[in-house]
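Q: Sharing a structure here in structure tokens format.
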Amino acid sequence: MSTAPTAPPAHPTPTLEQLRVLTAVADAGSFSGAAKRLGRSQPVVSYMVTTLEAQLGFSLFERGKRKPVLTEHGAAILAHARRLCLLGDELAASAENLRQGMENELTLAVDLFFPVERLAALLQELSQRHPSVVVLVRSEPLGGVLDLVLRRECCIGISILTIDWPDQIEPREFGSVEFMPVAAPTHPLAAFKEAPPTSLSREYVQLILRDPGSLTKDVDYFVTGVRTWRVTDVGMKLALLRAGVGWGYIPRHQVEVDLARGSLVKIPLAIRPGGSSSYTLLHRVDAPPGPAGRWVMERLVAWDQ
């Protein structure tokens with residue numbers, strides 16, 4: 001009479017609490033240090049490690065050492081433990097966000113002229129404060145930001161436009177951006193120390209960003225030239241400016257290096273010689289941002305205060 005093969009003993013799956021104890025011991029370098037970090041007694045910590053070893057079927061720490069030293073198997077398990085503890089933290093944070101009404105995803109539409117360094121610093125802070133919130137950033141020129149917010153493709157917009165906003169939009173101004181007319185040092189307009197007649201300056205090609213906005217595509221901003229070239233990318237506009245193809249307006253923060261190197265120079269104009277404009281935060285009146293979005297907006301408004 002044959003018998004079925006005996007199945008190997010089942011090992012219970014380690015609990016998240018056991019894995020947290022393992023990582024605490026490894027990080028603290030002692031059982032007593034781990035106990036202090038976790039607010040547990042040392043015997044409890046030692047018991048949980050011993051129980052975990054029994055479940056796994058091998059030792060995690062070398063015996064007979066003054067301080068706990070991971071075995072080869074223990075180091076491998078520690079890597080998994082850290083990952084699972086991180087996932088557990090993210091799960092707990094996500095659950096807390098849901099209890100608080102925190103959004104799981106934050107979508108931002110940002111004008112191409114907004115300083116990317118400032119945005120990156122803000123989002124780095126957001127990632128530390130709300131690690132479970134996923135961020136989507138879409139960069140658009142001019143009215144493209146407004147379109148994304150109106151179509152509900154983005155919750156918050158950061159725009160440089162100064163317009164009468166649609167009734168569906170709740171706007172709030174903050175900060176400022178300084179625009180200046182620039183050209184390559186070899187451009188004819190760069191030779192003038194004082195502003196030439198406007199009839200002369202408008203004969204040269206002016207480089208401008210094409211506006212993809214459905215509500216603003218037929219509106220020109222700071223356009224004085226009769227001859228215009230339109231581009232959709234700031235990088236292309238800067239390349240054409242440096243090549244001497246034309247002149248154009250650009251935020252000072254985007255050409256500070258060029259001005260210092262002399263690859264671009266500020267040119268004098270009789271009209272619209274440059275100036276400052278506020279940024280505007282946008283969101284739909286019927287779709288206000290959640291806690292993470294409100295935090296981002298508050299940080300932006302308070303940045304320069």
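Q: What about residue 201, is it polar (S, T, N, Q) and either surrounded by fewer than 21 Cβ atoms within 10 Å (Cβ to Cβ) or free of Cβ contacts under 8 Å to residues at least 60 places away in the same chain (or both)?
A: Answer is no for this residue.
Q: State which residue is farthest from residue 287 (Cα to Cα) when the search covers only region 136-170 and only residues that are surrounded by 15 or more Cβ atoms within 10 Å (Cβ to Cβ) and charged (D, E, K, R).
A: 140
Q: Please identify the pairs in which a residue from region 43-59 that is at positive phi has its Cβ atom under 9 Å from the Cβ atom of a residue that is open to solvent by 60 Å² or more (accessible area, probe 1.4 Å), counting only partners at least 6 apart or on another chain.
A: 57/9; 57/11
Q: Further question: Could you grab me the full set of residues in region 287-296 that are under 18 Å from residue 153 (Cβ atoms) and hydrophobic (A, V, I, L, M, F, W, C)?
A: Matches in region 287-296: 287, 292, 296.
Q: Right, something else. Name the helices (runs of 4 or more DSSP H) wholly within region 188-275 that hold at least 1 residues that are under 22 Å from residue 110 (Cα atoms)?
A: 234-242, 252-261
Q: Something else: Which condition breaks for residue 279 when tested against (1) open to solvent by less than 40 Å² (accessible area, probe 1.4 Å); (2) outside any strand (DSSP E or B); (3) more than 30 Å from residue 186 (Cβ to Cβ)?
A: If we test residue 279 against (1) open to solvent by less than 40 Å² (accessible area, probe 1.4 Å); (2) outside any strand (DSSP E or B); (3) more than 30 Å from residue 186 (Cβ to Cβ), just (2) comes out false.
Q: Could you count how many residues in region 267-295 are under 21 Å from residue 143 (Cα atoms) and aliphatic (A, V, I, L, M)?
A: Of the residues in region 267-295, 4 are under 21 Å from residue 143 (Cα atoms) and aliphatic (A, V, I, L, M).
Q: Does residue 53 qualify as being in a helix (DSSP H, G or I) and under 30 Å from residue 232 (Cα atoms)?
A: So residue 53 does not fit the description; no.
Q: In region 151-162, is there at least one residue being at pLDDT below 95 and assigned to a helix (DSSP H, G or I)?
A: No, region 151-162 contains no residue that is at pLDDT below 95 and assigned to a helix (DSSP H, G or I).
Q: Report, by residue number, each residue of region 221-275 that is hydroxyl-bearing (Ser, Thr, Tyr) and more than 19 Å from residue 211 (Cα to Cα).
A: 263
Q: Looking at 36, 67, can you tell me which residue is more than 33 Å from the chain's Cα centre (by Cα), open to solvent by 80 Å² or more (accessible area, probe 1.4 Å) and under 30 Å from residue 130 (Cα atoms)?
A: Being more than 33 Å from the chain's Cα centre (by Cα), open to solvent by 80 Å² or more (accessible area, probe 1.4 Å) and under 30 Å from residue 130 (Cα atoms) holds for just one of 36, 67, which is 36.
Q: What pairs come up if the first residue lies in region 242-255 and is open to solvent by 10 Å² or more (accessible area, probe 1.4 Å), the second is of a type in the set (S, T, N, Q), and their beta carbons are under 7 Å apart, counting only those six or more places apart or on different chains?
A: Close Cβ pairs (under 7 Å, with a partner that is of a type in the set (S, T, N, Q)) amount to 242/263; 244/186.
Q: So, one more: Any residue at all in region 171-193 that's over 24 Å from residue 256 (Cβ atoms), at pLDDT below 85 and surrounded by fewer than 18 Cβ atoms within 10 Å (Cβ to Cβ)?
A: Within region 171-193 (the criterion being over 24 Å from residue 256 (Cβ atoms), at pLDDT below 85 and surrounded by fewer than 18 Cβ atoms within 10 Å (Cβ to Cβ)), the answer is no, since none of the residues qualifies.
The values are calculated or read from the model by the stated rules, or taken from the named source; none is laboratory data. Fair warning: this is a prediction, and the values are worked out from it, not measured in the lab. Positions of Cβ are generated from backbone atoms using ideal geometry, with glycine treated the same way; all protein chains shown enter the neighbour counts. Side chains are part of the model used for accessible areas, which takes the heavy atoms of the whole protein and leaves out ligands, DNA and RNA. Shrake-Rupley method; radii C 1.70, N 1.55, O 1.52, S 1.80 Å.
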